[in-house]
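Readers should treat all values here as calculations from the given coordinates under stated rules, not as data from a laboratory. On a predicted model such as this, the values are computed, not experimentally measured, just so you know. Reconstructed Cβ throughout: ideal geometry from the backbone, glycine too, with neighbour counts over all protein chains shown.
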Amino acid sequence: MFRSKTKILQLTVTLTACAFLLVPTILSVLAGVTANYFQGISSGFTLKWVFRVWELYSGSIFLSLWLAIACLISTLVIGLPAAYGLARHPGWLSRILEEFISLPLAVPGLALALALLQLYGSLKGFRASWTFILVGHVLYTLPFMVRSILSVLAAMDLRTLEEGAATLGASPWQRFRDIVVPNAMPGILAGALTVVTLSIGEFNLTWMLHTPYLKTLPVGLADSYASMRLEVASAYTLVFFVLIVPLLMAMQWASARAQRIAQ
Amino acid sequence: MTLRLTNTAKTYPDGTRALMPTELTVDTGEVVSLLGPSGCGKTTLLRIIAGLETPDPGGEIWFDDDNVTAQPVERRNVGMVFQSYALFPNMSVRANIGYGLKMQKLPKPEIEARVTEVLEMCQLEKFSHRSIAALSGGQRQRVALARAIAPRPRLLLLDEPLSALDAALREALRDELAILLHKFQITAIFVTHDQDEAMAIADRVAVMSDGSVVQSGTPEELYRNPTSAFVAGFVGNAMHLKGTSDGKSLTLTGGVLPLDRDGAGQDIFVRAEDVQIDPSGPLQGQVETVTFLGTHYRVGIKGIMPDIVTSIFPGQNAPRTGEVVKVSIKPETLMLLPKSGVGK
């Protein structure tokens, strides 16, 4: 392994890059469980700050989880029929529609939020409710759901499969339930995990849309960085990690699986 | 079940006429093949019968005394085997075969019993719990057939069911399919572009060309008494003898051939097996190609007419390339058909 200078160089670069990424993470997490960060680790470890975060921000955590679930349901209800429609009727019109749905990917979240505020800002009840943030999240995550399902559906001969089911006596709804949905499942799963992960981690758009009573997890994170002691902010990061990392890993796994099927 | 189509045509939105107004009757238990080159409308006709395409207004489709023209495909109770098989990848072999029975809302034990029965019939017991992805082409074809037959459809439709298989397997499965279809004793319509397949499987063959049925009959009838140049050419590859005929004889570049009927104004066809190499024959030509085919030789002869004349030579000592040979054709084997501009 250490036979040549090139190998050693490669290893050094890799390890340095890893350290560059990992050291701040480890320091931040350590800070969250240290009794007093300014005295260093010698002051001892504690879970005090984590509990403190829970006291102060548990509302944000639950709001974020709730938003993510609501966002998932909305994108499924809109995205699954949309992807199905696009897959069943390929053509220039579908192409344009697909691009149109994907537009929020290219527009910065801030601009999207501003547009929403301009349009709906005066509707007080809506503006101050959690559904306002939900609308932003759905706009932002919908393309991921649609594209993920569409790529799986486009890879199979959906029309003939449905015709096969129809000759066996299946009504349009039964065909959708028994043939389309089960075969789209890898795409649905990959899309769902992406949507949940993005919704929980979304900051730009949410920061513009939130009210003091509606802080999501990342908005709360920014708030704690700005106004709490460093240990609390770091403990918050730790909590955020614990929530988001398993989701990210599951997403990687699911999208790899969906891609294998789409090939 | 008797199937009856009247005045059934199909025009696509872009104006293409895929099917000219067609009449077709298929009797109970009959296996009919729709034979024709690609683009002749045979698949369109099959899809109209299934209910997957809507015919133009004016056409009617009757299953016995049922007018099913306006019925959607899921209520027609037809079984269909697709060219690509269209097996459901999310279900096992068993679940695929049981799907149609499930749609009929049969009680579970009965579904199980009938699936098992069909699995046995198609010799698929060993594969019943496999996923579709783990099957070979021939096994998939059998599952597709089993799935179509399990709900006991009124009519079985097969769209080029053998074309997705490789040549060797196709021939073996062709005979197997013929046996199974007759075992089921079901009215069946079978679409193919392969004349051997149509002849091997069907009781009756309907030859299609450019959107209409040009001739329909038993395989023997079509082979022996074609009524048009197209059928003669498509079924059994008859050759058009291009020369001038005057009532009693046909004059070709390589000689004069006597006729036993009045050939004036008719196109004259002959099959390769009726062209005999015979030292006392009236025609003369030069051997261009000799192909050994195991049971016989196929000899291509030039100089008799502008195209090559093919002869089947069953003996041991085939002529050699370049040799000049005499050829005779018995007048009764000639097929005299009305002149058509398009003959093959």
About the Cα centre, and with charges only on the beta carbon of Lys, Arg (+1) and Asp, Glu (-1), how big is the dipole of the protein assembly as shown? Nearest 20 debye, please. 2540
Putting +1 on Lys and Arg Cβ atoms and -1 on Asp and Glu Cβ atoms, find which of B:GLN286, A:LEU114, A:VAL180 reaches farthest to the positive end of the dipole of the protein assembly as shown. A:LEU114
Just for region B:153-242, what percent of DSSP beta bridges are antiparallel, to the closest 5? 55
Over region B:3-234, volume per residue of the alpha carbon convex hull, in Å³: 131
Per DSSP H run of n ≥ 4, the term is -39500 (n - 2.57); total these for chain B, divide by its residue number, and report the mean residue ellipticity at 222 nm rounded to 500 deg cm²/dmol. -7500 deg cm²/dmol
Fewest Cβ neighbours within 10 Å first, please rank A:HIS210, A:HIS89, B:HIS296, B:HIS193 accordingly. A:HIS89, B:HIS296, B:HIS193, A:HIS210
Net charge near B:ARG4: determine it from the other residues with C-beta under 15 Å of the C-beta of B:ARG4, scoring Lys and Arg +1 and Asp and Glu -1. -4
GNM top mover of A:VAL242, A:VAL50, A:VAL152 - chain A, alpha-carbon springs below 10 Å: A:VAL242
If each K or R counts +1 and each D or E counts -1, the residues other than B:ASP66 whose Cβ falls under 14 Å of its Cβ total +1
To the nearest 10 degrees, how steeply does helix A:109-120 sit against the main Cα axis of chain A, on a 0 to 90 scale? 70
Would you order A:LYS124, B:LYS10, B:LYS248 from fewest to most other beta-carbon atoms within 10 Å of each residue's own beta-carbon? A:LYS124, B:LYS248, B:LYS10
Antiparallel DSSP beta bridges within the protein assembly as shown, as percent of all bridges there, nearest 5: 75
What pairs in B:LYS42/B:LYS330; B:LYS248/B:LYS330; A:LYS48/A:LYS215; B:LYS10/B:LYS183; B:LYS302/B:LYS330; B:LYS42/B:LYS126 have C-alpha atoms more than 25 Å from each other? B:LYS42/B:LYS330; B:LYS10/B:LYS183; B:LYS42/B:LYS126
For B:GLU288, B:GLU125, what ranking results if the residue with the fewest other Cβ atoms within 10 Å of its Cβ goes first? B:GLU125, B:GLU288
Could you tell me whether chain A comes out rounded, prolate or oblate from its Cα gyration tensor? Rule is a ≥ b ≥ c as square roots of the eigenvalues, rounded for a/c under 1.5, then prolate if a/b exceeds b/c, otherwise oblate. oblate
Fraction of antiparallel bridges per DSSP, chain B only, in percent to nearest 5: 75
About its Cα centre, what dipole magnitude does chain A give when the only charges are +1 on Lys and Arg Cβ and -1 on Asp and Glu Cβ, stated in debye to the nearest 20? 480
Say we join alpha carbon atoms closer than 10 Å with springs in a Gaussian network model of chain B; which of B:PRO226, B:PRO89, B:PRO21 then has the biggest fluctuation? B:PRO89
Net +/- balance of residues flanking A:ASN36 in space, Cβ distance below 10 Å, scoring K and R +1, D and E -1: 0
Yeah, the protein assembly as shown with a ≥ b ≥ c from its alpha-carbon gyration tensor (a/c under 1.5 is rounded, else prolate when a/b outruns b/c, oblate otherwise) is prolate
Karplus-derived 3J(HN,Hα) from phi for region A:220-231 (6.51 cos²θ - 1.76 cosθ + 1.60, θ = phi - 60°), whole Hz, x at Gly and Pro, runs x, 4, 4, 4, 5, 5, 6, 10, 9, 6, 3, 4
Estimated [θ] at 222 nm from DSSP helical runs (n ≥ 4, -39500 (n - 2.57)) normalised by residues in chain A, nearest 500: -27000 deg cm²/dmol
Hey, if you put +1 on the Cβ of every Lys and Arg and -1 on every Asp and Glu Cβ in region B:3-234, which of B:VAL205, B:GLN195, B:THR54 ends up farthest toward the positive end of that dipole? B:THR54
Which of the three applies to region B:1-108, rounded, prolate or oblate, going by the alpha-carbon gyration tensor with a ≥ b ≥ c and a/c under 1.5 meaning rounded? prolate
Which angle between 0 and 90 degrees, to the nearest 10, do you get for helix A:92-106 versus the longest principal axis of chain A when only C-alpha atoms count? 10
For the Cα atoms of chain A, what angle does the longest principal axis make with the long axis of helix A:130-154, in degrees from 0 to 90, nearest 10? 60
